[in-house]
Ligand code: KG4
Ligand code: ZN
């Protein structure tokens, strides 16, 4: 059991291609270890079968590393939190099975966490910000698998206001980066190159999607089509226009996100925005959202990069909120590849 008044929670995240374990004491992060799987770059995307095998390989070492770094013995733990979904089923199963076995062996509670809620609640890790968002706030979660705007009323009340109808914004970045010759995930390369290019050099269309939903597959297809067609005419096209293509793509993506967030602010009257997910690392998006927040006089919460990408500390903080209200799972709990953020 916990030695102090705050619970000691071990958290496990294995929904995609990062095996991660963290230890939290209350809202304080004692460790947050991530084993990233590099081999997917060779295949241009995450290969589910390889991902689950790699989780299997890494999980024991990553959990031990998190406990050692936190200087916590297994017997001191108060509970174990794990990602139930959404994500790749084979990957989730590794984390779920491990968490169940350890909770049973230690005879401590098991806590199931929704990965998307985790991205949002990452803002409450004490190390993430000196100040935390106040409820209700709007969360924009942008990653390789998701694009969502969520109204967060309380740590256990999430209302989905809009989401992508097709591709996630990260997929648009990564597939577009691929035709420019970058390895998966190419989003960060687009970001670097965009800083050197002209955002108005190429004009890409903003999709016409009603309400707070998004669509990125049309933009991705348009980008790939333009590059492929121009390359047929001139094989140096990409080489000569790489920075301008990256800047124009990033500008269009940013515009889409800004327009939808502005509409969400208008429709809800909420004065705080918290962003998360790997794509929240993008410097153009950060700059544009900072400008939007100033223009609209709202508060913007942008966590450090390590809390944006997939990590177990975000699962640990979500577990902490559930621990406070004894919201525990029983040992029959199962992974869910599709698992809605709404609750
Ligand atoms: O949240 P995350 O680590 O994993 C999930 O998808 O859940 O997000 C990964 C995504 C990838 O698509 C990657 O290209 C994108 O985040 N990404 C970026 C940047 N850094 C990471 N996209 C654009 N600009 C960046 N700086
Ligand atoms: Zn994620």
_Residue within region 228-250 that is in contact with a strand residue (DSSP E or B) (Cβ under 9 Å, 6 or more places away or on another chain), at pLDDT 95 or above, surrounded by 15 or more Cβ atoms within 10 Å (Cβ to Cβ) and part of a helix (DSSP H, G or I) present_ = no
*Spot the failing condition for residue 122; the list is (1) more than 16 Å from ligand 2 (Cβ to nearest atom); (2) within 30 Å of residue 42 (Cβ to Cβ); (3) not assigned by TED's automatic domain parsing to the domain that holds residue 251, and only one is missed.*
(1)
*With respect to residue 66, determine if the residue is more than 16 Å from residue 99 (Cβ to Cβ) and crowded, with 17+ Cβ neighbours inside 10 Å.*
no
*Among the residues of region 285-299, is there at least one that is under 17 Å from residue 146 (Cα atoms), crowded, with 21+ Cβ neighbours inside 10 Å and in contact with a strand residue (DSSP E or B) (Cβ under 6 Å, 6 or more places away or on another chain)?*
no
*Do the conditions hold for residue 187, that is, is it buried (at least 18 other Cβ atoms within 10 Å of the Cβ) and over 12 Å from residue 245 (Cβ atoms)?*
yes
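For region 138-171, enumerate the residues that are within 21 Å of residue 17 (Cβ to Cβ) and more than 16 Å from ligand 2 (Cβ to nearest atom).
Residues satisfying the conditions do not exist here.
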_Cβ-Cβ under 7 Å pairs, at least 6 apart or on other chains, region 173-195 side on the phi > 0 side of the Ramachandran plot and at pLDDT 95 or above, far side part of a helix (DSSP H, G or I) and more than 8 Å from ligand 1 (Cβ to nearest atom)_ = 181/238
*Single residue of 33, 16 found to be more than 14 Å from ligand 1 (Cβ to nearest atom) and either closer than 21 Å to residue 338 by Cβ or surrounded by 20 or more Cβ atoms within 10 Å (Cβ to Cβ) (or both)*: 33
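Restricting attention to region 292-315, which residues are within 16 Å of ligand 1 (Cβ to nearest atom) and assigned to a helix (DSSP H, G or I)?
Answer for region 292-315, where residues must be within 16 Å of ligand 1 (Cβ to nearest atom) and assigned to a helix (DSSP H, G or I): 305, 306, 307, 308, 313, 314, 315.
On the given criteria, is residue 280 in contact with a strand residue (DSSP E or B) (Cβ under 7 Å, 6 or more places away or on another chain), within 16 Å of ligand 2 (Cβ to nearest atom), touching a residue at least 24 places away in the same chain (Cβ under 8 Å) and part of a strand (DSSP E or B)?
no
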*Kindly indicate which of 66, 54, 61, 41 is part of a helix (DSSP H, G or I) and within 14 Å of ligand 1 (Cβ to nearest atom).*
41
*Restricting the search to region 267-277, which residues are part of a loop (DSSP other than H, G, I, E, B) and within 16 Å of ligand 2 (Cβ to nearest atom)?*
277
_Selection count, region 303-321, where residues are away from ligand 2 (no atom under 16 Å from the Cβ) and surrounded by fewer than 22 Cβ atoms within 10 Å (Cβ to Cβ)_ = 1
*Selection from region 1-20 of residues that are within 15 Å of residue 81 (Cβ to Cβ) and more than 16 Å from ligand 2 (Cβ to nearest atom)*: 2, 6, 7, 8, 9, 10
*How about region 208-226: which of its residues are in contact with a strand residue (DSSP E or B) (Cβ under 8 Å, 6 or more places away or on another chain) and assigned to a loop (DSSP other than H, G, I, E, B)?*
211, 212, 213, 215, 216
*asked:* For the list (1) out of contact with any strand residue (DSSP E or B) (no Cβ under 6 Å at 6 or more places or on another chain); (2) assigned by TED's automatic domain parsing to the domain that holds residue 77, I need the number of the one condition that residue 155 fails.
replied: (2)
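Here is a yes/no grid of residues against (1) under 18 Å from residue 26 (Cβ atoms); (2) in contact with a helix residue (DSSP H, G or I) (Cβ under 9 Å, 6 or more places away or on another chain); (3) in the same structural domain as residue 33 (by TED's automatic domain parsing); (4) touching a residue at least 40 places away in the same chain (Cβ under 8 Å):
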{"position": "317", "(1), (2), (3), (4)": "yes, yes, yes, yes"}
{"position": "335", "(1), (2), (3), (4)": "no, yes, no, yes"}
{"position": "338", "(1), (2), (3), (4)": "no, no, no, yes"}
{"position": "343", "(1), (2), (3), (4)": "no, yes, no, yes"}
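The values are calculated or read from the model by the stated rules, or taken from the named source; none is laboratory data. These figures come from a predicted structure and were not determined experimentally. Glycine also receives a Cβ, built like all others from the backbone with ideal geometry; neighbour counts cover every protein chain displayed.
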